[in-house]
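Notes follow once the structure below has been shown.
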Amino acid sequence: MVLALTTDSIRSSALVIAIVLIALGLLAAVVVQKIVVRVVSLVVMAGLGLLVFNQRASIETCANKVKDQAVSAQGITKTQCTFFGIKVDVPGLDKLKG
């Protein structure tokens, strides 16, 4: 029994191997793309969560400042807070008593 390879069998085997490798490459590209999309989505969602948490603390600090001014009844006309970097004027006691 002879196990020698002929040029035709090598050519056929090479073609089949090339097609299989191309298919595996395409499959790997799709899998990697889905993984990258998931990782990027996770990073974006985590970043937005941290941003919202940070703003929550900023608004809480501003609310405490307004409350302290109301308790001391200093007649403050307005308080300025920031929300996502934008300055917001909170009306003072004179506007709230109306």
Is one or more of the residues making up region 71-87 at pLDDT below 80 and assigned to a helix (DSSP H, G or I)? yes
Considering only region 21-38, I want to know if a residue exists there that is over 33 Å from the mean Cα position of the chain (by Cα) and assigned to a loop (DSSP other than H, G, I, E, B). no
Taking the conditions exactly as written (within 30 Å of VAL88 (Cα to Cα) and out of contact with any Ser or Thr (no Cβ under 6 Å at 6 or more places or on another chain)), does ALA23 satisfy them or not? no
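The values are calculated or read from the model by the stated rules, or taken from the named source; none is laboratory data. All of these numbers come straight from a predicted model, not from anything done at the bench. Note that each Cβ is placed from the backbone with ideal geometry, even for glycine, and that neighbours are counted across all protein chains shown.
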